[in-house]
Each structure stands twice: as C-alpha cells, then as structure tokens.
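One structure is given below, encoded as structure tokens.
No value in this document is a laboratory result; all are computed from the given coordinates. In this text the structure is predicted, and so the values were computed from the model without any measurement. FYI the Cβ positions are ideal-geometry reconstructions off the backbone, even for glycines, and counts take in every protein chain you see.
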Amino acid sequence: MPSIVRLMPGDRVLVTGSAGHLGEALVRILRARGHDVTGLDVLASPFTTVVGSITDRATVRACVAGAGTVLHPATLHKPHVRSHSWQDFVDTNVTGTLTLLEEAAAAGVGSFVFTSTTSTFGRALTPAPGAPAAWITEDVVPVPRNIYGATKTAAEDLCALIHADHGLPVVILRTSRFFPEPDDVDDVRNAYPDANIKANEFLYRRADISDVVDAHLLAMARASAIGFGRYIVSATTPFTPGDLAAVRADAPAVVRRLFPDQEAEYTRRGWRMFGHIDRVYVNERARADLGWSPVYDFRRVLDLLKAGEDPRSPLARAVGAKGYHPVTTGPYTVR
C-alpha cells in the first residue's frame, strides 16, 4: 500500500510545471485530497491555474503569496538538450529555481520540494570496463554529463544555500525514470519492445509516477522536521552490493536466481533481460527518512504481467504520455 501522508486539507500548494507529467500527477492527487492547489506553467492545461514562467519574479511572487508549500518539478529536461540552448537551461533550471527559492523564503513558505534527477550523477553512473556495476547512493559525487545535469546540480546547490542562509526547509528528490516515452538510445529502443525495457528498468533505474508523487507528498509533510535533505527516488532494487559484479557481467543469471519465474514470463512474451546492468539506484535513505514505501518494483511488475494486467499504476495511465516538443523531433515526441 502507498504511504499514508497526512496533510492539512486547504493548505495551499504551489505546483510548478503543472502541465507536465509529474506536475499534472501532483495536482490531480492534491486536488483529490482536498487541497487548494495553484498550478503554474508556461502551457495552459486543465491542471494549470496560472499561465506564466518561473523566471518571471512578479508571477512567482503572486503565486507563492499565502502558499504553505512549493512543489517544484518544472524544468527543461534531457530531451530538450537538442532543441534548446544552454542559456535556456540556465534560465529555466537555475534562474527559475533561484527565483522560486527566494520568493518562497521571503513569503515564509513552510516547505519547498525540488524535483531533481538521477541524471545529476552523470559520468559517475558509468563504471570503468571490467568494474562492477555502480552502487548509486546520495553519497556519490555528481559528475554532470550534459547541460541538463549541470543545471540541475547547480539548482540543488542553490537549494542548499537558501536553506543555510534563510532557513527555508528544502527537500531535494533525485527521481529516476518515470516518463512513459520510449528510450532515447537508438540501440536500446530498436533491440527491445518498449514495455520490455521499462519492466527491466524497475530492477535498477525506474519508478512508477504514483510512487514518485507519494515521495513528494511525504517530503512536503516532513520538510520542516528534516530541514534540508537529498534523496534518491527509484523503485526498490532487489540487488545487493554483493550482486554488483555479477549484474555487470551477466544480469540475466542474477535475475533468474532472484526471480525464478521471470524467464518463463519473458519467453512467453518474446522479451529479453538486459545482458548487463551498469548502475543500481539505492532508495534506502528515502525509505528511512521520509517513511516512503514504494509499491511498484520488479516483483510487482512481474506479478501484474503474469496476471495479464497493465503493470502501470492507475495514475500513470491517467496522466499518459505527453511528449516534450510540439513538433516531431525524435522518440520523446508523441504529439
């Protein structure tokens, strides 16, 4: 069962990026639980209350006035690296986040939850040839690979500074993959069915959006007690540090040992396990500090597949795929 998050109904919550995957999901759940929600996005949508930019200080100031919490998933994403300039990334991911932090602190907001990404780890995710898979905890030092990772890391640092200087309670959630769009790596996308890829990823680098929302609600409820914290939000891996060499060398053998029923179900579907896994995201700190209990992991997904059911949560199905660009640009475009 999802974690039980007790929040005071009526406390106004500002959700940035309300037309996006996570923003919409957050607005849906918060509204369903009786919260007064302001959705801020540059795009109009049924979940957007104010159409405007997080870089516009006057707009942000008006939106945070009277809010108890700011949930900040709005961002330029990795799919935008080829369509937007580095300056665009700095403007949105760095300047926009700073504007929100400053105005939230000035307005006396009680909690600020910043949606970051496991992409901040960048080159730290790729071990040397012949080395075991990387065991990725919050203690791993980020080595950004691109402007997306660089700007999200910079925004995290701004969160730490504003907390230290102004006392704003801030929780950073480094989320793993939860988007429904196809994989952006041509070789992977062409070698495996999309649902096969996503099922495999629940072993080490994916989360269902319902669990990601749950982590955000827990973070907003506990931010004042935590003060400042960074957490990895990803499905609970079945692997242990003792499995890292084996999953890098022969992942199917490890999965067969841990899930004896996996191979038959994959064979029935014409699916394959990845031959090698190079990193494993570890969510132990989020589970301990936030009281987070993610529902969707590889075991859950496999059981749903065996039962002939959709392995996605009802929330994931409701939000659906949005794409990241208004015109066709590649695998991330669905509209």
**Request:** Would you mind estimating how fast the stretch 199-252 diffuses translationally, via Stokes-Einstein at 20 °C and 1.002 mPa s with the Kirkwood radius over Cα pairs, in µm²/s?
**Result:** 162 µm²/s
**Prompt:** Once the Cα atoms of helix 21-32 and of the chain are each reduced to a long axis, what angle between those two axes, in degrees from 0 to 90 to the nearest 10, is obtained?
**Reply:** 70 degrees
**Prompt:** If we sort 251-259, 226-234 on the protection proxy, mean other Cβ atoms within 10 Å, highest first, what's the order?
**Reply:** 226-234, 251-259
**Request:** Beta carbons within 10 angstrom, averaged per residue: use that to sort the peptides 40-47, 306-313, 97-104, 194-201, highest first.
**Result:** 97-104, 194-201, 40-47, 306-313
**Message:** At 222 nm, what value in deg cm²/dmol follows for the chain if DSSP H runs of at least 4 each add -39500 (n - 2.57) and the sum is divided by all its residues, to the nearest 500?
**Reply:** -11500 deg cm²/dmol
**Item:** Relative contact order %, the chain, counting alpha carbon pairs below 8 Å whose residues are six or more apart
**Value:** 18 percent
**Request:** Treating only the Cβ atoms of Lys and Arg (+1) and Asp and Glu (-1) as charged, compute the dipole magnitude of the chain about its Cα centre; round to the nearest 20 debye.
**Result:** 440 debye
**Request:** Would you work out the relative contact order for the stretch 72-190, in percent, from Cα pairs under 8 angstrom that are 6 or more residues apart?
**Result:** 33 percent
**Request:** Work out, step by step, the length gained on full extension between Arg287 and Arg61: first 0.36 nm times the residue separation, then minus their alpha carbon distance; give nm to one decimal.
**Result:** 78.0 nm
**Item:** All lysines inside 18 Å of Lys306 as judged from Cα atoms, apart from same-chain residues fewer than 8 positions distant
**Value:** Lys198
**Request:** Convert 4 °C to kelvin, take the viscosity as 1.567 mPa s, use the Kirkwood radius over C-alpha pairs of the stretch 64-187 as Rh, and evaluate the Stokes-Einstein diffusion coefficient in µm²/s, rounded to a whole number.
**Result:** 83 µm²/s
**Asked** Once amide H atoms are placed 1.01 Å from N in the peptide plane, what residues at a sequence separation of 5 or more from Arg174, or on another chain, have their amide H within under 5 Å of its amide H?
**Response** Ser116, Tyr231, Ile232, Val233
**Request:** Just grab the label-to-label distance for Thr137 and Thr240, each label 7 Å out from Cα along the Cβ direction, in nm (one decimal).
**Result:** 1.5 nm
**Prompt:** What list of ³J(HN,Hα) couplings, whole Hz, do you get for the stretch 84-100 from phi and the Karplus terms 6.51, -1.76, 1.60, once you set θ to phi - 60° and write x for glycine and proline?
**Reply:** 10, 7, 4, 5, 4, 5, 5, 4, 7, 7, 9, 5, x, 5, 4, 4, 4
**Item:** Estimated FRET transfer efficiency (Arg269, Ala106; beta-carbon r; R0 56 Å; 0.05)
**Value:** 0.55
